[in-house]
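*Asks:* Take a look at this one; I'll ask things after.
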Amino acid sequence: MAKTVRKAKRALAKAAVGRRQRGVKGVKYVYFFGDGKADGDRSMRDTLGGKGAGLAAMTNASLPVPPGFTISTDACSEYYRRHGTVSPAIDAEIRRGLRKLEKAAGATLGSTKNPLLVSVRSGAKFSMPGMMDTILNLGLNDAAVEGLKARTSNGRFAFDSYRRFVQMFGSVVLEIPKEVFEHEFVAVKRSKGVTLDTALDEQALRDVVHRYKRIVRARSRRDFPQDPHDQLTMARDAVFRSWMNPRAQEYRRIYDIPDHIGTAVNVQMMVFGNSGDRSATGVGFTRNPATGAREFYGEFLVNAQGEDVVAGIRTPQPIGELKKVMPKAYKQLREITARLERTYKDIQDFEFTIQDDRLFMLQTRNGKRTGYAAVMIATDFVAERLVTPKEAILQIDPGSLSQLLAPGFDSKEWKAIPVATRGLAASPGAASGQVVFSAPDAVRWSDAGKAVVLVRRETVPDDIHGMFVSQGILTATGGMTSHAAVVGRQMGKPSIVGVAELEVDEGSKQFFLNGQTVREGDFVSFDGLTGEVKLAKVASKPSEILQVVSGHRAATKSDIHRRFMQILAWSDKYRRMEVRANADQPDQAEIAFAFGARGIGLCRTEHMFFGEGRIPIVQRMILADNEADRRVALQELLPLQRKDFYGIFKAMHGRPVTIRTIDPPLHEFLPKREDLMVEIAKLGGHSGTGPALERKLALLRRVEQLHEFNPMLGHRGVRLGITYPEITEMQTRAIMEAACQVAKEGIKVTPEIMIPLVGHVKELRDQKAVVDRVAAEVMQERHIRVKYLVGTMIEVPRGAMTADQIAAEAQFFSFGTNDLTQLTYGFSRDDIGKFLRVYQDKKILDKDPFTTLDVEGVGFMVRTAVELGRRAQPGIKLGVCGEHGGDPSSIHFFEDVGLDYVSCSPYRVPVARLAAAQAALAVKVGD
Ligand code: PEP
Ligand code: MG
């Protein structure tokens, strides 16, 4: 861990040095906002972080924002470069910012008459809910607390604020475990015979503060700092440090947020939602972020401080109630947030505080939403003329579209099971699995191949890894904007929160629900769209969109399908690259076509060999020890392959279909050596007799002959076609016979025959000769001509580096980035899982290179091959069919190098269509 942190810190520090070397003189580190004017603006998220930029924008728009200043992300880089301090110049700038803030607030830090209290909050460019630290009520000390009491005439409030501050400062800055304070707090409540925090009077709270300070002295070997300027410096540094805490790092890893960008720190005048019954604090969204519905959405707590809502410890009231309790503030809030939505042209996620009936806005940012909501909102926005279709497609994270294709429950089966309880439907989707009660258990169980549902009283940011692997998240407390809800939605995990009837005992790993006990390992299922929870295992069924696509539901009966297709149609107007699918069966090709794939980029013919009843024929072909016997078996495979190709050609309605000749090593079609040995032993071993045994023994002999030390580098791909040309012959015949048949039916057909794993032009030349010969034979026999292409995969580094020579023979290239990554890095595709995590923890790799293309290395190969190939044959058709073809960030790279198409799995086709449009518009969405 220590090493990991050192690495990331170095990256941050390097960012600072880079800036200095580029000669940026007089970098500004502190940006003031207040009195209707801010130094920064909404475009400055890199420097001010999302929160700082939002505060600046709201201030500039004359909204009621408490004044403050933002210490920039550049200061964070400096902090790491200077090993945990900032330069005197930055300190001086902060002092100037503070003086300006004191003036705007009309209060002074540490004053005994009118003390200024501030919040100190983190705020990175990308929101990382709950991952970093926050300190409230800073500025209080033994003298200032009396000043606060005098100013507010409320001793209880003053000392409650002080005890909260000591606790927060103690745990965040001085790193004393929170529980130590909580334990003490409970002890005081018990000694006073009360259960509610609010039942403690001023005297009791004075006692709590006294005890807390004792804890600080004992645990940190220093007195609680009384100088508010020291407090501020220490808090600022703690926020900078929290950028590197393990949960923040884990979060960045999951969401691909770079380490080097750092966080800003916002220092802002405190306003108090906990100063009495005319005060409140809350959070909300301008539309429902789970369903996209056009409703004002959020929650609040009367007489509470901000963290109480987000932490999910008290279950807040729905925001509609605010209209009854504080109608004036509610009206103003609605007006402001509607205006913010119009200004930002996007759904807003906001935080507010009402202090003695006066509304203050504390934050606004574009709201995170589920994939479902993203589609609903974008199409609504266009209908409302708030955005253009082009702007609408730039509001949707392409990856989130997959959520709309995720399964739901079969409604009949679901309805037949009684509802055990209901909670707040925080994130839609069907979840079913075995109950676990902690994040580490969720990880352990899912590593063992089990589907789990994580049940917690409330989730905390540390649970992120457990939430990530769970089917869904269920919590007993919390509202729609609690941690579980926010993070669940963002991850696209079905989540239900605030299930009031749920009594969770995490210690004994069980929960109680209306007299029933549910233990770890029992099954639970829930629907994150309706909030219903059931105590049973329930199978799920395809999403509504998939039902329409597969013809099981009428398109006219699905609003979401219409909107989904609308987004994709808008995307198509802006995309340059074609989108094809990797499909091996006619039914897959049909789904792909329905999702908008206009061609097959990769048909892995060997997958057809695994079809029903085919494996014995394939095995006979492999077992043959002479060409004549091999041809007999191949002859049996021919009609089967022909039928498959015929189906795929028809499903693609004349669009190009790229069919690859056999690729994997032959042993993959034979049983495993160990399994054969067991079966042979059962049949009497080497001393036994009978045809079954003899067949097994022959198989074993062939398996042993075919054994390779490194099969991925062995007898596979084009090498098979070269050693057994009769296989290429049979496959070409099957392709061309099917194509001729389709053509004779008057349907357009465009076969593209692709030779895999070519590293040397002569390999391709050899196979092309076979293909051309057989194709000519077939067309002559059938008396019809069909235009076909012969091309190759570029997936061996030598092939990429000699792409000009290869382009002289090939009519197209398709980049096989799976093998190209494997062979460029030398990482086995099948074994990287054993060490990838360590590589990521040590920051050697940010991302899995088999998911997101390594632009620097593998991308260099691709770019070089594109340039060489085009130099030799300017019009050569170029595509990609590795897994990266469906990955949005890799798609941007493929756009950049000018490929003609990307090809991906049928279910990724919508993602690729949207990502390709965004790539053509050069806008990355989703980071
Ligand atoms: C590739 O290597 O990228 C590819 C598409 O082929 P396969 O995954 O079948 O090796
Ligand atoms: Mg390959």
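No lab work stands behind these numbers, since they all come straight from the coordinates. These figures come from a predicted structure and were not determined experimentally. Every residue, glycine as well, gets a Cβ built from its backbone with ideal geometry; the counts of neighbours run over all protein chains shown.
*Asks:* Measure nothing but the geometry: give the 0 to 90° angle between the long axis through the Cα atoms of 761-782 and the longest principal axis through the Cα atoms of the chain, rounded to 10°.
*Replies:* Its long axis makes an angle of about 60 degrees.
*Asks:* Could you give the C-alpha radius of gyration of the range 175-321 expressed as a fraction of 2.2 N^0.38 Å, taking N as the number of residues it contains? Intermediate values should be presented prior to the final figure.
*Replies:* Numbers: Rg = 19.1 Å, N = 147, 2.2 N^0.38 = 14.7 Å.
The value comes to 1.30.
*Asks:* State the answer as a single residue: which of Ala583, Thr556, Ile567 lies farthest towards the positive end of the charge dipole of the range 479-612, with beta carbon charges of +1 for Lys and Arg and -1 for Asp and Glu, about the Cα centre.
*Replies:* Result: Ile567, furthest along the dipole toward the positive end.
*Asks:* Do you know the relative contact order of the chain, to the nearest whole percent, from alpha carbon pairs under 8 angstrom that are 6+ apart?
*Replies:* After rounding, I find 9 percent.
*Asks:* Averaging sequence separations of C-alpha pairs under 8 Å and six or more residues apart, then dividing by the length of the range 65-171, give the relative contact order as a whole percent.
*Replies:* 20 percent
*Asks:* Further question on the same structure: One-quarter of the Cα convex hull surface for the range 819-927, in nm²?
*Replies:* For the Cα atoms of the range 819-927, the hull's average projected area reads 7.6 nm².
*Asks:* Give me a comma-separated list of calculated 3J(HN,Hα) values for the range 393-409, in order, Karplus coefficients 6.51, -1.76, 1.60 applied at θ = phi - 60°, integers in Hz, x for any Gly or Pro.
*Replies:* 6, 8, 9, 10, 6, x, x, 6, 5, 4, 4, 6, 9, 6, x, x, 7
*Asks:* Quick check for me: using +1 on Lys/Arg Cβ and -1 on Asp/Glu Cβ, what's the dipole size of the chain about its Cα centre, in debye to the nearest 20?
*Replies:* Values: 131 positive and 110 negative charges, 424 e Å.
So the magnitude is around 2040 debye.
*Asks:* Counting each DSSP H run of 4 or more residues in the chain as -39500 (n - 2.57), what helix-only mean residue ellipticity at 222 nm follows after dividing by all residues, to the nearest 500 deg cm²/dmol?
*Replies:* -14500 deg cm²/dmol
*Asks:* Please compute, for the alpha-carbon atoms of the range 62-135, the extent along each of the three principal axes and give them in descending order in Å.
*Replies:* 38, 31, 24
*Asks:* Among the GluC sites (Glu not before Pro) within the range 215-300, which fall in a DSSP loop and have no more than 15 other Cβ atoms within 10 Å of their own Cβ?
*Replies:* Loop-located and lightly packed - Glu295.
*Asks:* Set Lys and Arg Cβ to +1 and Asp and Glu Cβ to -1, take the dipole of the range 95-207 about its Cα centre, and tell me which of Asn141, Leu117, Val194 lies farthest positive.
*Replies:* Checking the options against the dipole of the range 95-207, the answer is Leu117.
*Asks:* Also, quick follow-up: Using 0.36 nm per residue, how much length does the chain from Lys192 to Lys842 gain when fully extended, once their Cα-Cα distance is taken away?
*Replies:* This chain segment gains 229.0 nm when fully extended.
*Asks:* About its Cα centre, how strong a charge dipole does the range 830-904 have in debye, to the nearest 20, once Lys and Arg get +1 and Asp and Glu get -1 at the Cβ?
*Replies:* 180 debye
*Asks:* Using a Förster distance of 22 Å, how high is the FRET efficiency between Arg782 and Ile615, based on the Cβ-Cβ distance and rounded to 0.05?
*Replies:* Working from the Cβ atoms, E equals 0.15.
*Asks:* Rounded to the nearest 0.05, what FRET efficiency do Glu679 and His607 give with R0 = 25 Å and r taken as the Cβ-Cβ distance? Could you check?
*Replies:* With a Förster radius of 25 Å, E is 0.50.
*Asks:* A follow-up question, please. Once the convex hull of the alpha carbons of the range 274-413 is built, what does its volume come to per residue, in cubic angstrom?
*Replies:* Hull volume normalised by residue count: 138 Å³.
*Asks:* How many angstrom lie between the C-alpha centres of the range 574-612 and the range 834-898?
*Replies:* Each part's Cα centre sits 21 Å from the other's.
*Asks:* Among the trypsin sites (Lys or Arg not before Pro) within the range 186-280, which fall in a DSSP loop and have no more than 14 other Cβ atoms within 10 Å of their own Cβ?
*Replies:* Of the trypsin sites (Lys or Arg not before Pro), the ones in loops of the range 186-280 whose Cβ has at most 14 other Cβ atoms within 10 Å are Arg221, Arg222.
*Asks:* Compute the acute angle (0 to 90°) between the alpha-carbon long axis of helix 673-682 and the principal axis of greatest extent of the alpha-carbon atoms of the chain; round to the nearest 10°.
*Replies:* The angle comes out near 70 degrees.
*Asks:* Tell me whether the range 876-927 comes out rounded, prolate or oblate; compute the Cα gyration tensor, take square roots of the eigenvalues as a ≥ b ≥ c, and use a/c under 1.5 as the rounded threshold.
*Replies:* Verdict is oblate for the range 876-927.
*Asks:* Further question on the same structure: Rounded to the nearest 20 debye, what is the charge dipole size of the range 32-139 about its Cα centre when +1 sits on each Lys and Arg Cβ and -1 on each Asp and Glu Cβ?
*Replies:* Working: 14 positive and 10 negative charges, 29 e Å.
For this selection, approximately 140 debye.
*Asks:* In Å and whole numbers, how far do the C-alpha atoms of the range 557-677 stretch along each principal axis, longest first?
*Replies:* 56, 31, 28
*Asks:* Return the Rg/Rh ratio of the range 354-446 with Cα-based radii and a Kirkwood Rh.
*Replies:* 1.10
*Asks:* Highest mean first, what order results for 595-601, 787-793 on Cβ atoms within 10 Å? Display every interim value, and only then the final one.
*Replies:* On the way: 595-601: 24.4, 787-793: 22.1.
Top to bottom by mean Cβ count within 10 Å: 595-601, 787-793.
*Asks:* So for the range 154-263, taking the charge dipole from beta-carbon charges (+1 Lys/Arg, -1 Asp/Glu), which of Tyr212, Leu232, Ser242 sits furthest toward the positive end?
*Replies:* Checking the options against the dipole of the range 154-263, the answer is Tyr212.
*Asks:* At a Förster radius of 35 Å, what calculated FRET efficiency corresponds to the Cβ-Cβ distance of Asp230 and Arg342, to the nearest 0.05? Display every interim value, and only then the final one.
*Replies:* On the way: r = 44 Å, r/R0 = 1.25.
Calculated value: 0.20.
*Asks:* List, in order, the whole-Hz ³J(HN,Hα) value for each residue of the range 420-426 obtained from phi through the Karplus relation with A = 6.51, B = -1.76, C = 1.60 and θ = phi - 60°; use x for Gly and Pro.
*Replies:* Values per residue, Gly and Pro as x: 7, 6, 10, x, 7, 6, 8 Hz.
*Asks:* I've got another one for you. Pairing the Cα long axis of helix 88-105 with the longest principal axis of the chain, what angle in degrees results, from 0 to 90 and rounded to the nearest 10?
*Replies:* Its long axis makes an angle of about 60 degrees.
*Asks:* Cross-link list Lys412/Lys493; Lys787/Lys877; Lys100/Lys331; Lys643/Lys744: which exceed 20 angstrom alpha carbon to alpha carbon?
*Replies:* Those over the limit are Lys412/Lys493; Lys100/Lys331.
*Asks:* Given q = 0.05, 0.07, 0.08 Å⁻¹, what are the Debye log10 I(q)/I(0) values for the chain, with equal point scatterers placed on the Cα positions and solvent ignored?
*Replies:* Log10 of I(q)/I(0), two decimals: -0.36, -0.68, -0.85.
*Asks:* Quick one: if you stick a label point 7 Å off each Cα along the C-beta vector at Ala922 and Val632, how many nm between them?
*Replies:* 6.5 nm
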